[in-house]
Amino acid sequence: MDVPVPIFYRRCCSYYVVSVLFVCTGNAARSQMAEGWLKSMKPGFTVQSAGTNPEGLSSRAVKAMLEIGLDISDQISKYLNDVPWKEVDYAITLCGSANEICVTMDWPEKCVREHWPIADPVSDDEYIKARDEISDRIKDFVNRMI
């Protein structure tokens with residue numbers, strides 16, 4: 001699915017910081033890994049993650065990210081209502097449950113919403129698979145910005 005890149009970013013990408021919010025139910029794994037990936041890849045973004053029902057940062061998510069040299073252990077699991085979601089340029093959901101809630105919210109007109117359906121990881125192998133799938137999505141997202 002091609003999502004339009006905001007015109008204001010294309011024209012003045014060196015002056016405008018794009019705000020991105022990743023959302024999943026627990027804000028424990030997928031959205032936390034996405035936040036860590038995007039923060040590590042490119043300046044020009046402010047990145048947050050949140051959950052509709054946060055559970056705390058998953059130690060398996062921390063471990064999966066550490067395996068590729070990214071430390072997300074200082075990230076904190078947050079409620080969606082506790083972050084300034086009305087100020088974001090992109091809101092990206094990573095699970096169906098969060099997407100169902102987010103479609104009913106009153107997002108600002110400038111906000112582009114995307115849904116990346118990433119399976120909820122349970123085993124160590126599934127965390128690695130989710131991490132790598134999120135990495136591919138993040139790289140694609142960043143490439144659309146330049």
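The values are calculated or read from the model by the stated rules, or taken from the named source; none is laboratory data. Since the model is a prediction, treat every value here as computed from it, not as a measurement. A quick note on method: Cβ atoms are made from the backbone with ideal geometry, for glycine too, and the neighbour counts reach across all protein chains shown.
Of all residues in the range 48-62, at least one satisfies being among the acidic types (Asp, Glu) and over 11 Å from the mean Cα position of the chain (by Cα).
So which residues in the range 46-81 are in a loop (DSSP other than H, G, I, E, B), among the small types (Gly, Ala, Ser) and buried (at least 20 other Cβ atoms within 10 Å of the Cβ)? Reasoning before the result, please.
Going residue by residue through the range 46-81, those that are in a loop (DSSP other than H, G, I, E, B) are 52-58, 67-78.
Those left that are additionally among the small types (Gly, Ala, Ser): 56, 58, 69, 73, 77.
Selection gives 58 alone.
Note on the range 112-132: among residues that are in a loop (DSSP other than H, G, I, E, B) and buried (at least 18 other Cβ atoms within 10 Å of the Cβ), the one that is nearest to the chain's Cα centre (by Cα) is 116.
For the range 133-142, the count of residues that are over 17 Å from residue 24 (Cβ atoms), of a type in the set (A, V, I, L, M, F, W, C), assigned to a loop (DSSP other than H, G, I, E, B) and touching a helix residue (DSSP H, G or I) at 6+ places or on another chain (Cβ under 6 Å) is zero. Residue 67 fulfils the conditions (1) of a type in the set (Asp, Glu); (2) out of contact with any helix residue (DSSP H, G or I) (no Cβ under 8 Å at 6 or more places or on another chain); (3) in contact (Cβ under 8 Å) with a residue 24 or more places away in the chain except for a single criterion, (2). In the range 15-41, the qualifying residues are those that are surrounded by fewer than 23 Cβ atoms within 10 Å (Cβ to Cβ) and out of contact with any strand residue (DSSP E or B) (no Cβ under 8 Å at 6 or more places or on another chain), and the one that is modelled with the highest pLDDT is 40. Restricting attention to the range 82-111, the residues being part of a loop (DSSP other than H, G, I, E, B), over 15 Å from residue 31 (Cβ atoms) and touching a residue at least 40 places away in the same chain (Cβ under 8 Å) number 2. Considering only the range 137-146, I want to know if a residue exists there that is of a type outside the set (Asp, Glu), surrounded by 12 or more Cβ atoms within 10 Å (Cβ to Cβ) and more than 21 Å from residue 18 (Cα to Cα). Within the range 137-146, not a single residue is of a type outside the set (Asp, Glu), surrounded by 12 or more Cβ atoms within 10 Å (Cβ to Cβ) and more than 21 Å from residue 18 (Cα to Cα).
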